[in-house]
Amino acid sequence: MIIYNVDDIKMPVFPKRKISLWIKQVAEDRGKRVGEVAYIFCSDRKILELNRTYLNHDYYTDIITFDYSENDIISGDIFISVDTVRTNAEQLSVGYCNELYRVIIHGILHLCGIEDKTPEARIIMENNEDNALGILYDRWIKSDSPPFDKM
């Protein structure tokens, strides 16, 4: 089960049912099944608090993934700072939803066992993100209005 929650912000608008189907497909493509995955959308203030408390990091980030997976069933809590997602989208000159979807699937890829701690691993992660975004666009978003990057 995939659930979407908020902590101290308004829920971002995106097609949750389609995104959930996409997440399940990406997990299945990697030999995994989705157990209990909770997305918690929050502010920079909240993500900084989590980063300091649980990871001993004193900086903002777009995502923190807490992995509770067992065997082939992925489960976890995925915190996403919509403030940082918006800033990253602006800095990268990409649409907000495109960046949000990239971060959403980034957390799932972590739960599937893909890391990004080294430059080499980061390339692998980015390739997996790009492939997953291609699936989302081609299968679930392409025919929708408004366009993928403008939502």
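Residue-wise test of (1) closer than 15 Å to Ala27 by Cα; (2) aromatic (Phe, Trp, Tyr); (3) out of contact with any Cys (no Cβ under 8 Å at 6 or more places or on another chain).
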position: Glu49; (1), (2), (3): no, no, yes
position: Asp67; (1), (2), (3): yes, no, yes
position: Ser81; (1), (2), (3): no, no, no
position: Val94; (1), (2), (3): no, no, yes
position: Asn98; (1), (2), (3): no, no, yes
position: Ile124; (1), (2), (3): no, no, yes
position: Leu133; (1), (2), (3): yes, no, yes
position: Arg139; (1), (2), (3): no, no, yes
Among residues of segment 105-125, those that are in a helix (DSSP H, G or I) and free of Cβ contacts under 8 Å to residues at least 60 places away in the same chain, counted: 9
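Looking at Ser93, Ser69, Ser75, which one is of a type in the set (S, T, N, Q) and in contact with an Asp or Glu (Cβ under 6 Å, 6 or more places away or on another chain)?
Details: Ser93 fails: in contact with an Asp or Glu (Cβ under 6 Å, 6 or more places away or on another chain); Ser69 fails: in contact with an Asp or Glu (Cβ under 6 Å, 6 or more places away or on another chain).
Going through Ser93, Ser69, Ser75 in turn, the sole match is Ser75.
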Among the residues of segment 134-142, are any at pLDDT 95 or above and surrounded by 14 or more Cβ atoms within 10 Å (Cβ to Cβ)? no
Do you know which residues across segment 99-128 are open to solvent by 50 Å² or more (accessible area, probe 1.4 Å) and among the acidic types (Asp, Glu)? Glu115, Glu120, Glu126
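The values are calculated or read from the model by the stated rules, or taken from the named source; none is laboratory data. Just so you know, these numbers come straight off a predicted model, no measurement behind them. Here the Cβ is made from the backbone with ideal geometry for all residues, glycine too, and neighbour counts use every protein chain on show. Ligands, DNA and RNA are stripped out before the accessible areas are found, and what is left, the full protein with its side chains, is counted by its heavy atoms. Shrake-Rupley method; radii C 1.70, N 1.55, O 1.52, S 1.80 Å.
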